[in-house]
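Visitor: Can you read through this structure? Questions will come right after.
Computed from the coordinates by the stated procedures, all read-outs in this text should not be read as laboratory data. These numbers were taken from a predicted model, which means no experiment stands behind them. No Cβ is skipped: glycine too gets one built from the backbone with ideal geometry, and neighbour counts run over all protein chains shown.
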Amino acid sequence: MAAKLGGSGGGKYHVEQNAEINVTPFVDIMLVLLIIFMVASAVATPGVEVKLPIALAPPSENPPKPVFISITTDGRVYIGDGESSYDTLGSDLTAQIGRRDPTKERIYIRGDQDTRYGDFMQAMNSLQDAGFYSVALVGEDKPA
């Protein structure tokens with residue numbers, strides 16, 4: 001049987017407290033994680049080496065603000081929020097877009113579901129006479 005010699009006294013079952021942190025399990029876990037990341041990074045690199053050319057494309061400009069033409073049920077036509085007429089639709093639109101090329105300008109037509117087909121065709125003809133050939137029709141998505 002062992003006996004405690006000297007010291008601070010206490011009974012035979014008194015144990016000194018150890019205030020040190022055991023870092024061995026922490027180091028073991030960190031080494032395992034390091035090995036996993038080293039293997040994963042080697043696998044993630046592409047196997048075929050290719051020297052890519054330098055891109056010389058100029059940066060693209062922001063697209064211009066879209067132009068909306070609205071046709072109401074009673075046949076009135078609007079460019080954005082401003083009212084226009086079928087006779088002056090092309091010139092009003094040309095004045096609104098400024099110096100941009102009308103052949104490259106996309107025009108969006110919003111027509112009420114009860115708009116007469118004749119009013120729609122009159123607007124299309126006015127746009128084509130003014131040189132606007134890229135026309136898109138705006139519809140509402142079907143609810144899911």
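Visitor: Projected onto the charge dipole of the stretch 67-138 (+1 at Lys/Arg Cβ, -1 at Asp/Glu Cβ, origin at the Cα centre), which of THR94, GLY82, MET121 gives the Cα projection farthest towards the positive end?
Guide: THR94
Visitor: Here is a further query. What dipole magnitude, in Debye to the nearest 20, does the stretch 57-144 give about its Cα centre under +1 on Lys/Arg Cβ and -1 on Asp/Glu Cβ?
Guide: 320 debye
Visitor: Next question. By per-residue mean of other Cβ atoms within 10 Å, what is the highest-first order of 13-20, 91-98, 33-40?
Guide: Averaged packing, sorted descending, gives the order 91-98, 33-40, 13-20.
Visitor: Report the FRET efficiency, 1/(1 + (r/R0)^6), for ASN125 and ILE54, where r is their Cβ-Cβ distance and R0 is 41 Å, rounded to 0.05.
Guide: 0.25
Visitor: According to a simple spin-label model (label point 7 Å from Cα along Cα-to-Cβ), what is the distance in nm between PHE68 and GLN113?
Guide: Here the modelled spin labels are 1.8 nm apart.
Visitor: Can you compute log10 of I(q)/I(0) for the stretch 67-138 with the Debye formula, treating each Cα as one identical point scatterer, at q = 0.14, 0.25 Å⁻¹?
Guide: Taking Cα atoms of the stretch 67-138 as identical point scatterers yields -0.35, -1.18.
Visitor: ILE36 versus THR24, label points 7 Å from Cα toward the beta carbon: distance in nm?
Guide: Each label point lies 7 Å from its Cα, and together they span 2.2 nm.
Visitor: Here's something else I'd like to know. Work out how much length SER134 to ASP87 would gain on full extension: take 0.36 nm times their residue separation and subtract the Cα-Cα distance, in nm to one decimal.
Guide: Working it through step by step, the gained length comes to 15.0 nm.
Visitor: List the residues of the stretch 86-113 whose backbone N lies under 12 Å from a point placed 7 Å from the Cα of TYR78 along the Cα-to-Cβ direction.
Guide: What the label zone holds, given the 12 Å backbone N cut-off, is 110-112.
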